[in-house]
Amino acid sequence: MTTVAPLHIVRAGPLFGAEISGVDLTAPVDEATAEELRRAFREHKVLVFRGQNLTPDQQVAAVGVFARPFDHPTAVKDAAHPLVYPYNVKQTGKASTWHIGGLWRDPVFAIESLTYQVVSELGGHTLWADLQAAYDDLSEPFKVLLESVSAVYDGNAQNYAQGSSKNAPGEPVEHPVVLTHPTTGRKGLFISSSAKHLTGVTPAESRVLLDHLLRHASSPKYTIRFGWHPGDFVLWDNRATWHYAVDDYGDGERVYRKVIGVEPEAGGTERHG
């Protein structure tokens with residue numbers, strides 16, 4: 001059985017983000033629907049599919065519509081599928097900082113996705129911010145300056161795995177703070193809270209610029225917010241947005257599965273499960 005129903009798209013905000021209905025990701029997706037999903041993803045950057053209740057195999061297949069599911073070298077893997085990474089915040093900790101995934105890698109992940117299994121009754125929303133819109137609002141002289149600036153991050157993949165103590169920094173890895181998106185060609189900021197410093201400027205300038213960029217890129221006017229129910233599935237463009245999991249649910253439960261996607265973004269050429 002293939003999914004052929006037209007998509008219904010409800011925008012989450014004026015800049016980006018959308019909820020998608022009219023597609024059943026538990027079943028194989030025909031190529032016409034897959035292309036429409038990829039078009040919606042390029043436009044909206046964060047897509048939420050409510051109540052899909054995907055199995056590990058189905059989540060990997062869903063990500064495969066958009067990108068090649070990635071075999072993370074250090075992450076704890078789900079027993080049901082080696083490309084699925086389980087999280088329980090009581091063991092793995094909470095992701096309550098503004099961040100981009102896979103900064104130990106160059107290029108970083110194209111896509112990240114989550115299937116929620118257990119969530120708190122109240123709270124536990126996730127924020128995303130549009131890094132391309134944040135870049136658009138910078139002055140032209142500042143954009144010119146940033147073209148020659150990179151940010152330095154920890155290059156140890158182990159420090160990005162679930163529950164890592166992060167006490168053994170690896171070789172540094174640099175990413176430009178202005179990224180031209182390889183699929184859309186649109187420029188955006190590319191910055192994360194874990195940046196150690198900026199290159200191409202003095203240490204004093206690095207501190208001032210980094211503080212400004214982090215505050216600017218997380219301004220509420222660039223953000224959207226989603227709350228969750230068990231079975232919800234979300235995927236986002238890791239090179240056009242960054243995200244923040246709000247820690248307002250105390251010792252409440254939060255259990256989910258992650259699947260990561262890397263190049264190629266389009267075509268759905270590789271299938272798993």
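From its DSSP helices (H runs of at least four residues, each -39,500 (n - 2.57)), the chain gives a residue-normalised ellipticity at 222 nm of -5500 deg cm²/dmol.
Residues whose amide H comes within less than 5 Å of that of Tyr249, counting only those at least five positions distant or on another chain, are Gly124 (H built at 1.01 Å from N in the peptide plane). Mind running the shape call on region 30-139? Use the C-alpha gyration tensor, a ≥ b ≥ c as the square roots of the eigenvalues: rounded below 1.5 for a/c, prolate if a/b tops b/c, oblate otherwise. Taking the square roots of the gyration eigenvalues as a ≥ b ≥ c, region 30-139 is rounded. Potential lengthening of the chain between Glu263 and Val118 amounts to 49.2 nm, from the contour at 0.36 nm per residue minus the alpha-carbon distance. For the pair Ser96 and Leu7, a Förster radius of 45 Å applied to the C-beta separation gives a FRET efficiency near 0.90, rounded to the nearest 0.05.
Which entries in the list Lys45/Lys196; Lys77/Lys187; Lys77/Lys143; Lys196/Lys258 go over 32 Å, if you measure between the two C-alpha atoms of each? In this structure, Lys77/Lys187; Lys77/Lys143 lie more than 32 Å apart at Cα. Distance between the C-alpha centres of region 169-185 and region 33-96: 22 Å, rounded to the whole angstrom. Can you tell me how region 96-157 classifies by the Cα gyration tensor, rounded, prolate or oblate, using a/c under 1.5 as the rounded cut? Since a/c reaches 1.5 but b/c is at least a/b, the shape of region 96-157 is classed as oblate. Here, region 195-252 is characterised by an Rg to Rh ratio of 1.09, where Rg is the alpha-carbon radius of gyration and Rh the Kirkwood radius. In this rough spin-label picture, where each label sits 7 Å from Cα along the Cβ direction, the Glu140-Ala32 distance is 4.6 nm. With all protein chains in place and a 1.4 Å probe, the accessible surface of the chain carries 54 percent carbon and sulfur.
Specify the angular offset, from 0 to 90 degrees and rounded to the nearest 10, of the alpha carbon long axis of helix 31-44 from the longest principal axis of the alpha carbons in the chain. For 31-44 against the chain, the angle is about 30 degrees.
Near Ala110, the amide H atoms lying under 5 Å from its own belong to Gly261, Val262, Glu263; only residues 5 or more places off or on other chains count, and H is placed 1.01 Å from N. Helix 203-217 axis versus longest C-alpha principal axis of the chain: approximately 30°, rounded to the nearest ten. Of all the options Pro203, Pro28, Pro141, the one that moves most in a Gaussian network model of the chain with Cα springs shorter than 10 angstrom is Pro141. The calculated FRET efficiency for the pair Glu171 and Asp71, based on their C-beta separation and a Förster distance of 30 Å, comes to about 0.90. A simple charge model with +1 on the Cβ of Lys and Arg, -1 on the Cβ of Asp and Glu and nothing else charged puts the dipole of the chain at about 300 debye relative to its Cα centre. Heavy atoms of the protein chains alone define the surface here; on that basis the chain has 43 Å² accessible area per residue at 1.4 Å probe size. Length gained on full extension, Arg215 to Asp106, computed as 0.36 nm times the residue gap minus the Cα-Cα distance: 36.8 nm.
The values are calculated or read from the model by the stated rules, or taken from the named source; none is laboratory data. Given the structure is predicted, the values throughout are model-derived calculations rather than measurements. Every residue, glycine as well, gets a Cβ built from its backbone with ideal geometry; the counts of neighbours run over all protein chains shown. Areas reflect the complete protein model, heavy atoms only, side chains present, ligands, DNA and RNA absent. Shrake-Rupley method; radii C 1.70, N 1.55, O 1.52, S 1.80 Å.
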